[in-house]
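Contents: one structure, followed by commentary.
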Amino acid sequence: MHGIDLFRLDGRVALITGGSKGLGMAMASGLASAGADVLLTSRNETEVQQAALEITDASSSTVIGLEADVTKPEDAQRTVDHAIKKFGKIDILINNAGINIRGPIEDLTPEQFEQVMATNTTGPWLMCRAVAPHMKRAGYGRVINLSSTLGVVGLVERSPYATSKGALIMMTKVLALEWAEQGITVNAICPGPFLTPMNEPIADTEWSNHVIGSCVAMRRWGQLHEIQGAAIYLASDASSFVTGTTLLVDGGWTAH
Ligand code: NAD
C-alpha cells in the first residue's frame with residue numbers, strides 16, 4: 001500500500017468508548033467511512049444503540065453498540081470480550097469517554113476529583129490492559145487516547161480535568177514504549193474546544209467567549225468533523241512509524 005490507500009481501514013475493527021455522541025461519535029463515523037467495523041460503548045444503552053444505527057445507515061460498515069462504564073474493570077473486560085466475540089479481533093482502540101467537572105479547587109470535593117480521574121485516566125488504563133493480550137497476539141494495534149489541550153497547557157478552574165489529561169499523555173508515552181516492538185502504536189489526540197455536549201453548559205458564556213477569543217488562534221470552536229482526520233490518520237497504516245506522540249487539534253491554542 002502507498003499514498004492515499006494507507007488511510008483506508010477496510011477489514012479493521014475499532015472499539016471506541018463513549019461513542020454515543022460528541023467527538024466519539026464523530027470519530028466512529030469517520031472510521032466507518034474509511035471502511036472499519038466499529039463497536040461503540042456508552043453508559044446509556046438506548047443512546048449507544050441509536051448512535052450505532054445512525055452510523056450504520058450512513059456507511060457500509062458494521063457498527064454495533066454496547067452499554068458499558070469505563071470506570072469499572074469488569075466492564076472493560078466485558079467490552080473487549082464482546083468485540084472479540086462479534087468481530088474476532090480488535091485492531092484499533094480509541095479511549096474517548098471522558099468527563100469534566102469545573103470549578104476552583106476549594107469548591108470541589110475529593111469525590112469529584114476521583115470521579116474525573118476514574119473516567120479520564122483509570123478508564124483508558126483499564127481498556128488498554130484489557131486489549132493488550134489481543135493486540136500482542138495479533139502483533140498489531142492502534143491505540144488512540146483522547147487527551148486535551150488542557151493536558152498540555154493550564155487553565156484555571158480545571159484542576160481535576162487537566163490533571164487527568166496530563167496523566168493520560170504520560171500513559172500514552174509509557175505504553176508506546178512497552179509495546180513499541182510488538183506492532184502496537186499508542187498516541188494521543190489533544191483536541192482544543194469543540195462544541196459537544198460536554199461544552200454545552202459553557203457555550204456562549206462570557207467566559208467561553210473570552211477563552212475562545214484569546215486562547216484559540218482561529219478564534220472559533222472546532223466543528224465535529226474536524227477531529228476525523230486525526231483519528232483516521234492515527235488509526236491507519238499512514239501513521240505506522242508514529243508512536244508515543246500527541247497530535248494537537250486545537251485551532252492554534254498551543255502555538256502561542
Ligand atoms: P461528550 O460529553 O460530548 O461525550 C463523552 C462521551 O463519554 C459520552 O458519550 C458519555 O456518555 C461518555 N462517557 C462519560 N463517562 C463515561 C463512562 N464512565 N463510561 C462510558 N462512557 C462514558 O464529550 P466530548 O466533548 O465528545 O469529549 C470526548 C473526549 O474528548 C473526552 O475524553 C474529552 O475529555 C475529550 N476532549 C473534548 C474536548 C471538547 O472540546 N469537546 C476538548 C478536549 C478533549
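Some points to look at:
- Scanning the range 59-101 for residues that are at pLDDT 95 or above and more than 21 Å from GLY123 (Cα to Cα) gives SER61, THR62, VAL63, LYS85, LYS86, PHE87, GLY88.
- Residues (surrounded by fewer than 16 Cβ atoms within 10 Å (Cβ to Cβ) and either in contact with a helix residue (DSSP H, G or I) (Cβ under 8 Å, 6 or more places away or on another chain) or among the hydrophobic types (A, V, I, L, M, F, W, C) (or both)) located in the range 116-136: ARG129, LYS136
- Exactly one residue among PRO201, PRO160, PRO193, PRO197 is without any contact (Cβ under 8 Å) to a residue 12 or more places away in the chain, within 16 Å of GLY98 (Cβ to Cβ) and not acidic (Asp, Glu), and that residue is PRO201.
- Restricting the range 34-44 to residues that are assigned to a strand (DSSP E or B) and away from the ligand (no atom under 12 Å from the Cβ), the residue that is surrounded by the fewest Cβ atoms within 10 Å (Cβ to Cβ) is ASP37.
- Positions within the range 170-216 being at pLDDT 95 or above, of a type in the set (A, V, I, L, M, F, W, C) and in a loop (DSSP other than H, G, I, E, B), in sequence order: VAL216
- Single unsatisfied condition, VAL48 versus (1) β-branched (Val, Ile, Thr); (2) within 26 Å of ILE169 (Cα to Cα); (3) crowded, with 24+ Cβ neighbours inside 10 Å; (4) touching a Gly at 6+ places or on another chain (Cβ under 7 Å): (2)
The values are calculated or read from the model by the stated rules, or taken from the named source; none is laboratory data. Just so it is clear, the model here is predicted, and its values are computed rather than measured. For neighbour counting, all protein chains shown are included, and Cβ atoms are generated from backbone atoms with ideal geometry for every residue, glycine included.
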